[in-house]
Structures are given as structure tokens and as C-alpha cells.
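Down below is the structure, laid out as C-alpha cells.
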Amino acid sequence: MNELIIENKNEYYNLAIEYLKRIDIKEYEQGEFNTIVPESISVLIDHDFIPTPCIKIRLNLLLDEKEAGKYFLYINQEKEFIDEFLMFD
């Protein structure tokens, strides 16, 4: 699983960006950003409420080069959606 992620990391980041773009950001107070920065991809092996094992993809959201929020996408090994979280500072 790790080798597959390493070989295809850009594909995983692009998938997370696609999911992020589907969210209506207007629903979030002060939910503004102008840059998306791929931050990390990890394998989650234990979690209280998210089915594991799964892949966690993190994007940092910047507004004028300062961190404005974070987006987390959780997918299974087949790249199927499990959950997502969007947080603004």
C-alpha cells in the first residue's frame, strides 16, 4: 500500500483537490483561500470513528501566503470516499 501511494502521490493530491472543489465554501464563515498546498499523505491504521486502514490526504489552504485552513480527505485503498473535514482558522 505504501509503495502504491509513493508512486502515485500526485494522483492522490489531485483527488483531494477535486473533492475540495466540490464543497460550497460559502457555507463557512471566513472560508477564504487563494492557494492550495499539498501537505501530506498518510496511512491511518487506527481511529475512533473513521474506518481503518485508510489513506488520509491533507491539504493546507492559504490566503495571501498565510495558512487559512486545512482540508482532510479520507479514502480507502480503492480510492473511494470515506470522509472529509474542512477547517478554517
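Annotation: peptides 75-83, 32-40, ranked by per-residue average of other Cβ atoms within 10 Å with the highest first, follow the order 32-40, 75-83. The fraction of accessible area contributed by carbon and sulfur in the chain is 45 percent, rounded to a whole number (1.4 Å probe; ligands and nucleic acids excluded).
Counted by Cβ distance under 14 Å from Lys66, the other residues give a net charge of -4, where Lys and Arg count +1 and Asp and Glu count -1.
Taking the average, over residues, of other Cβ atoms within 10 Å as the packing measure, peptides 65-73, 2-10 rank 65-73, 2-10 from highest down. In the context of the full set of protein chains, residues of the chain present 67 Å² of accessible surface per residue (probe radius 1.4 Å, heavy atoms only). Matching the structure-derived Cα extents along the principal axes in Å against the labelled list (i) 47, 26, 16; (ii) 58, 26, 26; (iii) 36, 28, 19 gives the label (iii).
The values are calculated or read from the model by the stated rules, or taken from the named source; none is laboratory data. Since the model is a prediction, treat every value here as computed from it, not as a measurement. Every residue, glycine among them, receives a Cβ derived from its backbone with ideal geometry; neighbour counts consider all protein chains shown. Surface accessibility is based on the protein's heavy atoms, side chains included, excluding ligands, DNA and RNA. Shrake-Rupley method; radii C 1.70, N 1.55, O 1.52, S 1.80 Å.
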